[in-house]
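Student: The structure that follows is given in the form of structure tokens.
The values are calculated or read from the model by the stated rules, or taken from the named source; none is laboratory data. All values derive from a computational prediction rather than experimental measurement. Heads up, the Cβs are rebuilt from the backbone with ideal geometry, glycines too, and the neighbour counts pull from every protein chain shown.
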Ligand SMILES: NC(=O)c1ccc[n+]([C@@H]2O[C@H](COP(=O)([O-])OP(=O)(O)OC[C@H]3O[C@@H](n4cnc5c(N)ncnc54)[C@H](OP(=O)(O)O)[C@@H]3O)[C@@H](O)[C@H]2O)c1
């Protein structure tokens, strides 16, 4: 492909007045870093981390101007790897993609071969981005709980930030796998959405934000998927039954963890860390296979809406304020 070929991408940058700008710009292939695979991106998705990257959070993205987007799905248009042929459909997620390397809010991406996963049979490019990092993270959280023997028979599973991207997929995947799910949300309007995804009960988020100061609370949950951190994560850990576990993946509320060691040493509770970007390649491939197979959710369209590159600016503001329900797929053609 001619390195002068142009394409559109959302570019985030600092502005002269100390603010921050985001606009769809024309870029050239030569603007992209070297890599093994050139991919025509069809779809991307919006994650909370993208909103941080797109609004100048230096903990996520060190240098600007920058093309955010930690997810992409598309077709290989150039390959120097024997493992990927022209026209092959791939998913790009994880590693530095979209954080410290140009990402998926773009019609073209160039990446090292290690960042690509072949699109598994049973999943379209669009469906893969309905899951994206958010859905994949939910799947990884559940896989970690299962590794520890947290089966549906053990009891109810709490999901925090339940109406968000990771949360909504966690609710739906847990329910599909036979778990009884308690979905905690701050959105009164999300109740029916969460019941439709298979939640057994929907709790206002204040109910899982205990400020009594008691080191242990009534053991209520067999396990939890926590996407918000802070006192919600601490409350969950203090409310887990003996030998239960919490898979912690997010900090949408806070990065703090106000807690004593008692849940761990008096109840044998486990805190399972989840970092999708460092998920080993082999597990990444296996989990995508599972998502395309036994963990493929019916009526996936319930869980996402679609926007174009031009709709990202407003959507980034919404997700930063916890205002997105389910996931947002980005159609990169407009
Ligand atoms: N570790 C990893 O590998 C990994 C991967 C993906 C995402 N994450 C993290 O997981 C979290 C969720 O990501 P996402 O893409 O699902 O974001 P999201 O769609 O914005 O969902 C976050 C949800 O958290 C709740 N929330 C937001 N602000 C809150 C606050 N101040 N207090 C309490 N609850 C609040 C809201 O749900 P309700 O209104 O329903 O309460 C919101 O919808 C983020 O922190 C993200 O960085 C981590």
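Student: Only one of (1) in contact (Cβ under 8 Å) with a residue 60 or more places away in the chain; (2) away from the ligand (no atom under 13 Å from the Cβ); (3) part of a loop (DSSP other than H, G, I, E, B) fails for residue 87. Which number is that?
Tutor: Answer for residue 87: the failing condition is (1).
Student: Taking the conditions exactly as written (part of a loop (DSSP other than H, G, I, E, B) and either surrounded by 24 or more Cβ atoms within 10 Å (Cβ to Cβ) or free of Cβ contacts under 8 Å to residues at least 60 places away in the same chain (or both)), does residue 244 satisfy them or not?
Tutor: Criteria not met by residue 244.
Student: Also: Tell me which residues, restricted to the range 247-282, are within 8 Å of the ligand (Cβ to nearest atom), surrounded by 20 or more Cβ atoms within 10 Å (Cβ to Cβ) and assigned to a helix (DSSP H, G or I).
Tutor: The one that is within 8 Å of the ligand (Cβ to nearest atom), surrounded by 20 or more Cβ atoms within 10 Å (Cβ to Cβ) and assigned to a helix (DSSP H, G or I): 276.
Student: Sort through 145, 119 and tell me the only one that's surrounded by 18 or more Cβ atoms within 10 Å (Cβ to Cβ), within 16 Å of the ligand (Cβ to nearest atom) and either within 15 Å of the chain's Cα centre (by Cα) or more than 25 Å from residue 26 (Cα to Cα) (or both).
Tutor: None of the other options fit; the residue is 145.
Residues checked against (1) surrounded by fewer than 23 Cβ atoms within 10 Å (Cβ to Cβ); (2) away from the ligand (no atom under 16 Å from the Cβ); (3) in the same structural domain as residue 257 (by TED's automatic domain parsing); (4) within 22 Å of the chain's Cα centre (by Cα):
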site: 186; (1), (2), (3), (4): yes, no, yes, yes
site: 193; (1), (2), (3), (4): yes, no, yes, yes
site: 197; (1), (2), (3), (4): no, no, yes, yes
site: 202; (1), (2), (3), (4): yes, no, yes, yes
site: 212; (1), (2), (3), (4): yes, yes, yes, no
site: 216; (1), (2), (3), (4): yes, yes, yes, no
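Student: I'd like to verify a number: residues in the range 42-66 that are in contact with a helix residue (DSSP H, G or I) (Cβ under 9 Å, 6 or more places away or on another chain) and crowded, with 16+ Cβ neighbours inside 10 Å, how many? Before you say what the answer is, go through the steps one by one.
Tutor: Quick first cut of the range 42-66, residues in contact with a helix residue (DSSP H, G or I) (Cβ under 9 Å, 6 or more places away or on another chain) only: 42-52, 54-55, 57, 59-61, 66.
So of that shortlist, the ones also crowded, with 16+ Cβ neighbours inside 10 Å come out as 42-52, 54-55, 60-61, 66.
Residues flagged as in contact with a helix residue (DSSP H, G or I) (Cβ under 9 Å, 6 or more places away or on another chain) and crowded, with 16+ Cβ neighbours inside 10 Å within the range 42-66 amount to 16.
Student: Further question: Give me a count of the residues in the range 306-331 that are more than 12 Å from the ligand (Cβ to nearest atom) and outside any helix (DSSP H, G or I). Before you say what the answer is, go through the steps one by one.
Tutor: First pass over the range 306-331, keeping only residues more than 12 Å from the ligand (Cβ to nearest atom): 306-314, 329-331.
Those still in the list that are outside any helix (DSSP H, G or I) too: 306-308, 329-331.
Residues that pass the stated criteria total 6.
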